[in-house]
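A short worksheet on the structure shown next.
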């Protein structure tokens with residue numbers, strides 16, 4: 001078995017492989033069109049490990065966005081220049097990534113204030129979260 005076909009072993013390798021696979025597959029088809037089984041297959045692991053390490057698709061997507069944000073922050077800090085960091089991303093990926101991160105992190109941190117300001121207190125968090133994800137998918141659609 002070559003190094004590229006080696007199955008991930010241990011928690012850190014499995015999580016990294018799943019996030020890498022999810023990132024590749026989501027970039028090609030979008031999160032709504034990629035099954036957890038497909039992610040596991042692309043990562044070279046049993047699909048039950050997706051549930052063990054992430055629980056749900058939403059949790060996996062959140063973790064992937066957190067990883068992308070951390071990588072991007074590290075890039076900005078290493079370059080010490082926000083503009084150069086944006087320019088280092090290929091094509092429109094920079095705009096899509098920045099907009100997606102702004103929406104996700106804005107919702108995550110400010111949802112209580114947004115719900116109050118928009119008089120959405122009676123709506124469940126899950127319903128609003130799903131609506132935000134649908135809007136995000138439309139934004140990212142080709």
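Bear in mind these aren't lab numbers, they're just calculated from the coordinates by the rules spelled out. Just so you know, these numbers come straight off a predicted model, no measurement behind them. Please note: Cβ atoms are built from the backbone with ideal geometry, for glycine as well, and neighbour counts cover all protein chains shown.
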Between residue 74 and residue 138, what's the calculated FRET efficiency when r is the beta-carbon distance and R0 is 22 Å? Round to 0.05.
0.15
Along Cα→Cβ, 7 Å out, is where each label goes; now give me the distance between the ones at residue 42 and residue 23 in nm to one decimal.
1.2
Label-point separation in nm, residue 111 to residue 125, each point 7 Å along Cα→Cβ:
0.6
Kirkwood Rh and Cα-based Rg: tell me the resulting Rg over Rh for the stretch 1-70, rounded to two decimals.
0.94
With each pseudo-label sitting 7 Å past Cα toward Cβ, what's the residue 67-residue 9 distance in nm, one decimal?
2.0
